[in-house]
Amino acid sequence: MKISYNRRFLKDLVRLPQKDRIKIEEFVFGEAGKYNASSDIEKLEKLSGYSHYYKIRFGNYRVGVKLIDEELVFERVLHRKKSISISLKSSVQSYHLRNLPNPCNPLNL
């Protein structure tokens, strides 16, 4: 199984408290590489409404993961009160939102 890391994931990881960051780093950089298939990872939970996105729980934090053809891409790390699905959805739709007209300026001036 191939593993890669999104730049945003690494930035999120640096901002975590040390106690929580150590647990996540041990799994992501050590234990995750030992698995041969995604079905071997017991912590992996599918996100509803997404075909390729999953989450892994670590205490109060959630790791957002994209899984395509046995390639595991670590996308985000967020506190449990912030939604992983909204974060992943916003990254996909960010381009579309920038191109919407501004409701405060109907003439787009």
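The values are calculated or read from the model by the stated rules, or taken from the named source; none is laboratory data. Fair warning: this is a prediction, and the values are worked out from it, not measured in the lab. Cβ placement follows ideal geometry from the backbone for every residue including glycine, while neighbour counts extend to all protein chains displayed. Quick note on the areas: whole protein, heavy atoms, side chains included, nothing else; ligands and nucleic acids left out. Shrake-Rupley method; radii C 1.70, N 1.55, O 1.52, S 1.80 Å.
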Legend entry - Solvent-accessible area per residue, Å², over the range 13-64 with all protein chains present [probe radius 1.4 Å]: 63 Å²
Inset, instruction - In Å and from the alpha-carbon atoms only, list the Rg and Dmax of the range 14-86. - result: 11.9, 33
Inset, instruction - Just the ratio, please: alpha-carbon radius of gyration of the range 16-58 over 2.2 N^0.38 Å, N its number of residues. - result: 1.29
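Step through the table entries K34/K81; K2/K81; K2/K82; K11/K34, compare each Cα-Cα distance with 26 Å, and write down the pairs that go over it. Mind dumping the intermediate values first?
On the way: K34/K81 30 Å; K2/K81 30 Å; K2/K82 28 Å; K11/K34 24 Å.
Among K34/K81; K2/K81; K2/K82; K11/K34, the Cα-Cα distance tops 26 Å for K34/K81; K2/K81; K2/K82.
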Inset, instruction - Measure off 7 Å from each Cα along the Cα-to-Cβ vector at E70 and H52, then give the distance between these two points in nanometres to one decimal. - result: 1.7 nm
